[in-house]
Amino acid sequence: MGTLHVARPGSATVETAEGTFLVARGGLREGMDGDEATVTLVRRGPGEPQAVVQGVLRRACERFVGTFEWAGPLGAVVALDERIRRDFFVLPDDKAPERLHVSEGDIVEARILTYPARREAGVVTLERRIGRPEGLDLPIERVIASNGLATHFGQAALEQAEQIHDDVAETIAAEPKRHDLRELLCVTIDPATARDFDDAVSCERREGGGWRLGVHIADVSHYVRPGSPIDLDARVRTCSAYLVDRVLPMLPERLCDDLCSLVAGRDRLAMSVFADIDEGGEVVGHAAWCSTIRSKARLSYDQVDAVLEGAFPAAELPHEPEASAQDLEELLRMLDEVARLRRRVRRERGAVDFETVEAKVELDGEGVPTGVSVRERTRATSLVEEAMLVANEVVAQMLAPHAEEVPCAFRVHERPAPDSMGQALPALRELDLLEPGEYERLRAADPFALQDVLERASGTSAEVPANSLLLRAQKRAVYLPRNDGHYALGASAYCHFTSPIRRYPDVTVHRALKVRIGMAADAGFDVRARRAELAAIPQLCHTCSERERAADAAARESQRVKMAQLMEQHVGESFSGVVVGVERFGLFVRLDETCAEGLLPIRALGDEWFAYDEGTMCLTGESTGHRWHLGRRVAVTVAGCKPEKGQIDFTLARGACLQAAARKDVQ
C-alpha cells in the first residue's frame with residue numbers, strides 16, 4: 001500500500017513503507033495524484049522494480065477546476081491540472097450547467113461523482129461557475145478547488161453577521177463576573193500586513209520577583225453560539241486558509257475584521273489567561289477570566305525587534321494617549337526576558353524546536369509577483385510565540401481533568417515511531433551530524449538527542465535538510481477529544497486557545513473554558529447544547545485535522561505558483577543554493593536568497609548512469625564516482641518554469657557562479 005504522486009503525465013511514483021518506486025508505464029491505471037492505492041512490484045528489465053496500481057483505497061481528489069465544453073448531449077470538463085488526464089462528463093439530466101448559467105469555455109469547479117475506471121470515463125457535477133478564463137488567476141483557482149476550500153458563506157450566516165452589533169457596554173452591565181481590564185497595559189504584536197488581531201499580551205512584575213504574563217484573546221464564542229448559522233458555516237471550514245493572494249476566512253468579515261479584532265483604542269470582549277512566572281521561567285500559578293480589554297498599541301514585529309535591538313526609539317512607537325513610551329518599552333523588555341526563560345525551560349523538559357524559514361511571495365495590486373519576503377524567528381516573533389504557548393498549556397491543564405464532562409478539542413502530538421526515525425538516520429549520518437552512541441537514542445526519539453543534532457546542523461548547509469528529515473519522521477499533530485500530551489513541545493497537556501478567529505478547535509476550547517469558570521451562559525450552553533457538543537466533538541476533531549491539512553497544502557501550493565511566476569522573470573540567470581532533497585530522478589535545490597525550490601533533473605548531472613541510495617539519499621555516478629547528497633552547495637541556472645503547476649526547473653550553472661558556490665562550500 002502506498003500514496004501515489006503524479007509529477008506530470010506519464011511520470012508517477014508510489015511512496016510505500018518499503019520505499020518509493022516508479023510507477024511503470026501504463027501502471028497508473030485508475031489511480032490519481034494523492035490517492036492511497038494497492039500496488040504490485042514488477043521487473044521490466046534491469047534496474048529497480050516498478051509499481052503497477054491494482055486498486056484505489058482512498059481518493060484524494062474530490063474537486064477540480066476545469067474548462068467546460070459541450071460534447072453532444074453531454075457536458076465535458078477538461079481539468080486545468082494536466083496531471084488529471086482523465087475524461088469527465090456531465091450527464092444530460094444534470095441541470096447544474098443551466099442553473100449556474102455556464103457557457104462553453106467557462107472555468108468551472110467540478111465535483112467528482114464517479115471516478116474513471118480502466119474503460120469508463122468519470123462523471124462530475126458542477127459546483128460553481130468561476131468565470132471566463134481571461135479574467136481569472138487560473139492556477140490559484142485550481143489550488144482552491146483541488147483542496148476543497150469554501151469560498152462563500154451561506155446567506156443565513158451573512159445575514160446573522162450583519163445583525164450582530166457592538167455590545168461591549170451591554171455585556172459588561174449584564175455579566176458581573178466579567179473582569180474589566182481596560183486600564184491594563186496590553187498590546188497587539190503582528191505582521192505589518194495583518195488585518196485581524198485576535199491576541200494581545202501584557203506583563204507586570206510580581207512582588208517578590210517574577211512576572212504575571214497576560215494573554216488576552218478575542219471572545220469569539222460570545223458572538224458565535226453553538227448551532228447558529230455562523231457556527232455551522234465555521235464548522236464546515238474549521239479554519240481560515242491563508243493563500244498567497246487572499247485569505248479565505250473561517251468567519252464573516254464583520255466578525256474577524258471588526259467586532260472580534262482587538263483594535264487599538266477600542267473596547268473589546270476577551271478571554272484572558274494570566275500565568276505567574278518565577279525568576280527561573282516556571283509557571284507557578286494561573287487564572288482565567290472573561291474580560292473586557294482595550295489594546296494600547298498595535299505594533300508590528302519589525303517595530304518590536306528594532307526597539308529591542310536599540311535601533312528604534314520607543315517614543316516613536318504608535319500608541320494610545322493613556323500609554324507612555326517608557327511603559328511600552330518596559331513591557332516589551334519584560335516579555336522578551338520571559339520568552340528567553342521559557343525557551344530554556346522548554347528545552348530542559350525536552351521540547352524540540354525545528355527551525356523553519358517562511359518565504360512569502362510579494363504581489364502587486366494585479367497579483368503579479370514583485371519579490372520575496374523571508375521571515376525567520378526573531379526576538380519579537382519569539383516573545384509572542386512563547387506567550388501563546390504558555391496560555392495554551394495553562395488552559396489545557398485546566399480542562400484536561402474535566403474532558404469527559406466539558407468537551408473540547410485538544411492538540412495532540414505523539415512520539416515518532418522507531419521505524420520512521422530509523423529511516424532518517426542514514427541520511428543524517430551522511431550529513432556528518434551523528435555522534436557515537438546516538439543512533440539508538442535517535443531511533444527511540446529521545447528529544448534531547450534531536451536537540452543535539454539540530455544544534456550541530458544550525459548555521460551550516462546541513463541545517464535545512466536536517467530539519468526536513470526530522471520533521472518528516474514526526475507524526476502529524478492532530479485534534480482529539482482527549483489530552484494525550486504534545487511530544488515536540490514537551491508538554492503534558494496542550495490545546496489551541498489563542499486563535500478562535502481562524503481555528504474552530506479554539507472556539508470549542510473557549511466554550512469549555514467558560515463552562516469551567518462558571519460562564520456557561522455566555523458560551524450559549526444549556527444542558528441540551530452541552531450534550532450535543534459532547535456527541536459531536538470526536539467527529540469534529542477528525543474534520544478539523546483534515547481541513548487543517550487541506551488549508552496548509554493550499555497555502556504551500558499557492559506560494560509555489562507565484563514563486564514559479566516570479567522565477568519565470570529570471571530564466572537564464574544563475575543562483576547559489578543547497579540540495580534539500582534527492583530522488584531517483586534528480587535533486588531538489590533551494591535557493592539562498594528567495595528560498596525558491598526547484599528540480600535539477602538527473603539528466604543535467606552528466607552523461608553517465610547514477611545509482612540511487614534511498615537510505616543515505618545520494619546519487620552516485622557509476623563512471624566518475626561523483627556523489628550528489630543532501631546539504632551539498634550548488635550553483636544552478638533557472639532553465640524554465642511552469643507556474644500552473646508551481647514547478648521550477650534548474651540546470652547546473654557554469655563559470656564564475658559555480659566557482660562562487662564552491663568557495664562558499666569550503667567556507
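No value in this document is a laboratory result; all are computed from the given coordinates. None of the values given here were measured: they were computed from a predicted structure. Quick reminder, even Gly has a Cβ in these numbers, built from the backbone with ideal geometry, and neighbours come from all protein chains shown.
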* Structure fact -> Taking the dipole of the chain about the Cα centre (Lys, Arg +1; Asp, Glu -1; charges at Cβ), the one of ALA520, HIS319, GLY572 that reaches farthest to the positive side is GLY572
* To do: Could you give the C-alpha radius of gyration of the range 63-136 expressed as a fraction of 2.2 N^0.38 Å, taking N as the number of residues it contains?
  => 1.00
* Structure fact -> Under the Karplus relation with 6.51, -1.76 and 1.60 and θ = phi - 60°, whole-Hz ³J(HN,Hα) for the range 83-98, x at Gly and Pro, equal 6, 8, 8, 9, 8, 10, 10, 9, 5, x, 7, 7, 8, 4, x, 5
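So what is the calculated 222 nm ellipticity per residue for the chain, using -39500 (n - 2.57) for each DSSP H run with n of 4 or more, over all residues, to the nearest 500 deg cm²/dmol?
Numbers: 16 runs with 200 residues, N = 667.
Computed ellipticity for the chain at 222 nm equals -9500 deg cm²/dmol.
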* Arrange the peptides 558-571, 23-36, 301-314 so that the one whose residues have, on average, the most other Cβ atoms within 10 Å appears first. => 558-571, 23-36, 301-314
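Determine how many Å³ per residue the convex hull of the Cα atoms of the range 335-419 encloses. Intermediate values should be presented prior to the final figure.
Details: hull volume 17.4 nm³, N = 85.
Taking only Cα atoms, the range 335-419 has a hull volume of 204 Å³ per residue.
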* Asked: Plugging the Kirkwood radius over Cα pairs into Stokes-Einstein for the range 2-58, at a temperature of 10 °C and a viscosity of 1.306 mPa s, what D comes out in µm²/s?
  -> 145 µm²/s
* Taking θ as phi - 60°, what are the ³J(HN,Hα) couplings along the range 324-337 by the Karplus curve (6.51, -1.76, 1.60), each to the nearest whole Hz, with x for Gly and Pro? -> 9, 4, 5, 5, 4, 5, 4, 4, 5, 6, 5, 4, 5, 5
* Structure fact -> Once normalised by the length of the range 36-173, the mean sequence separation of its alpha carbon contacts under 8 Å that are 6 or more apart gives a contact order in percent of 19 percent
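With charges only on Cβ, +1 for K and R and -1 for D and E, what is the dipole size of the range 571-666 about its Cα centre, in debye, rounded to 20? Before the final figure, lay out each step's value.
Values: 11 positive and 13 negative charges, 41 e Å.
Value, rounded to 20: 200 debye.
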* To do: Report the charge-dipole magnitude of the range 63-136 in Debye, nearest 20, computed about the Cα centre from +1 at each Lys and Arg Cβ and -1 at each Asp and Glu Cβ.
  => 260 debye
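Quick one: Kirkwood hydrodynamic radius for the range 1-158, alpha-carbon pairs, angstrom, one decimal?
Values: mean 1/r = 0.0591 Å⁻¹.
Hydrodynamic radius (Kirkwood, Cα pairs) of the range 1-158 is 16.9 Å.
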* With each pseudo-label sitting 7 Å past Cα toward Cβ, what's the THR370-ARG195 distance in nm, one decimal? -> 1.8 nm
* To do: Quick one: grab Rg to one decimal and Dmax as a whole number for the range 571-666, Cα atoms only, in Å.
  => 12.8, 37
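Taking neighbour counts of Cβ atoms within 10 Å as a proxy for exposure, in what order, fewest first, do SER576, SER295 appear?
Working: SER576 21, SER295 29.
Final ranking by Cβ density, sparse to dense: SER576, SER295.
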* Asked: Once the Cβ-Cβ distance between VAL247 and PHE354 is put in as r, and R0 is 22 Å, what FRET efficiency do you end up with, to the nearest 0.05?
  -> 0.30
* Structure fact -> Label model pair THR460, GLU309: point-to-point distance (7 angstrom along the Cα→beta-carbon line) in nm is 2.7 nm
* Asked: Each residue of the range 232-246 in turn: what ³J(HN,Hα) in whole Hz from Karplus with 6.51, -1.76, 1.60 and θ = phi - 60°, glycine and Pro shown as x?
  -> 5, 5, 5, 5, 5, 6, 6, 6, 7, 10, 9, 8, 4, 10, 6
* **Distance-filtered residues of the range 206-225 - backbone nitrogen under 20 Å, label point 7 angstrom along ALA169 Cα→Cβ** => 223
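Starting from 0.36 nm per residue, how many nanometres of slack lie between GLU404 and GLU320 once their C-alpha separation is accounted for? Numbers along the way, then the final one.
Working: separation 84, 0.36 × 84 = 30.24 nm, distance 4.39 nm.
The span from GLU404 to GLU320 would gain 25.9 nm if fully extended.
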* Determine the gain in length on full extension of the stretch LEU41-ARG99; use 0.36 nm per residue of separation and subtract their C-alpha separation, reporting nm with one decimal. => 16.2 nm
* Charge-dipole axis of the range 63-136 as Lys and Arg at +1 and Asp and Glu at -1 on Cβ define it, positive-most pick from ALA96, TYR115, PRO73 -> TYR115
* Structure fact -> With R₀ set to 51 angstrom, the calculated FRET efficiency between the beta-carbons of GLU385 and ARG8, to the nearest 0.05, is 0.85
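Compute the FRET efficiency between LEU113 and GLU207 as 1/(1 + (r/R0)^6), taking r as their Cβ-Cβ distance and R0 = 60 Å, and round to the nearest 0.05. Mind showing how you got there, number by number?
Details: r = 67 Å, r/R0 = 1.12.
The computed FRET efficiency comes out at 0.35.
Taking the chain, how many lysine pairs are there with alpha carbons less than 25 Å apart, if each pair must be eight or more places apart or span two chains? Don't skip to the answer; put the middle values down first.
Working: LYS177/LYS296; LYS177/LYS514; LYS360/LYS562; LYS360/LYS642; LYS360/LYS645; LYS562/LYS642; LYS562/LYS645.
Here the count comes out as 7.
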* Helix axis angle, 504-516 relative to the chain longest principal axis, alpha carbon, degrees -> 30 degrees
* Cleavage-rule hits, trypsin sites (Lys or Arg not before Pro), the range 412-507, DSSP coil, Cβ neighbours within 10 Å at most 12 -> ARG476
* Unit charges on C-beta of K, R, D, E only; dipole of the range 418-474, Debye -> 160 debye
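Give a quick list of GluC sites (Glu not before Pro) in the range 131-217 that DSSP marks as loop, anything other than H, G, I, E or B, with at most 10 other Cβ atoms within 10 Å. Present the calculation step by step, with values, prior to reporting the outcome.
Working: sites: GLU134, GLU141, GLU159, GLU162, GLU170, GLU183, GLU204, GLU207; in loops: GLU183, GLU207.
Qualifying residues, ordered by number: GLU183, GLU207.
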